[in-house]
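**Q** Once you've had a glance at the structure underneath, I'll fire off some questions.
The values are calculated or read from the model by the stated rules, or taken from the named source; none is laboratory data. Quick caveat: nothing in here was measured; it's all calculated off a predicted structure. Here the Cβ is made from the backbone with ideal geometry for all residues, glycine too, and neighbour counts use every protein chain on show.
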Amino acid sequence: MFPDFQEGTEPLGDVERHMVGIHLAYKRVPRGLTIETVYPLAPGESVGCSVTAGTTVRVVNPRGHQVVDLWAFVQSDPTEYLSMAHNRTAHYSTRFQAGHVLVSNRFKKLLRFIEDTTDGFHDSFHAACSVQSYAHFGSDQQHPNCEDNLQKALHEAGIAIQITPPPWNLFEKSFVDEDGLIHDGTTSAKAGDYVELHAECDLLMVFSACRSTIGNIQGGDPAGAQILLYQHDTSAAGY
Ligand SMILES: [Zn+2]
């Protein structure tokens, strides 16, 4: 699906959606980890998946040029979810980084931020793109939007929550200047960059490959993403 990997990365090959229990060679797979599931996302696509405690989640930017909206809800009580405001409060930072444990709207530990190959820009300010946001910014874009993608995923999971928490916008470059103004830049994620997280409890996670090009946040047309879920494989050589 992503044949144009740059030199230095290895394609995953003919990976089909939702394959379970397969072992794949991917250049930067940590030894002792087994790929359980791979979700390739074209721009505008999303996926919702149950992520059990202990699962490692890797969000890959195979070609660069892709912002990924991420949500996480506690499986046992989806009114508890990953909250950007609570994380800014918990970490006294607007930009989360490897080593941080990301928390819920009740300060429960949800996701441990393990690794980040980018230069560290993952927006925590912006709401998900939506029909209304496109109208607000005067865009006539009619792309699939991240808010609808989230609601569709929640509906499919049988979760009757109609709010859209502000997502964690992986690979989206934003920053605040000394006057308090928010600035958007073009994503600095390069082909093959990824973010890796560790689930601290059972979660429903939703990932949406944002289709928006407002503000040129994608650095051109968005190019798709991959979501990989790993489980520790204690039988692996060298584990
Ligand atoms: Zn979006």
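**Q** For the stretch 59-96, enumerate the residues that are out of contact with any Ser or Thr (no Cβ under 9 Å at 6 or more places or on another chain) and within 25 Å of GLY224 (Cβ to Cβ).
**A** Across the stretch 59-96, the qualifying residues are VAL59, VAL60, ARG63.
**Q** Basic (Lys, Arg) and loosely packed, with under 15 Cβ neighbours inside 10 Å - does that describe any residue in the stretch 88-106?
**A** Yes, the stretch 88-106 contains a residue that is basic (Lys, Arg) and loosely packed, with under 15 Cβ neighbours inside 10 Å.
**Q** Still on this structure, please answer the following. Mind checking which strands (runs of 3 or more DSSP E) fall wholly inside the stretch 127-204 and carry at least 1 residues that are within 12 Å of the ligand (Cβ to nearest atom) and either among the polar types (S, T, N, Q) or farther than 23 Å from THR52 by Cβ (or both)?
**A** Fully inside the stretch 127-204 and qualifying: 168-170.
**Q** Just to confirm my filter: which strands (runs of 3 or more DSSP E) fall fully inside the stretch 1-96 and include at least 1 residues that are at pLDDT 95 or above?
**A** The strands (runs of 3 or more DSSP E) meeting that bar are 56-61, 68-74.
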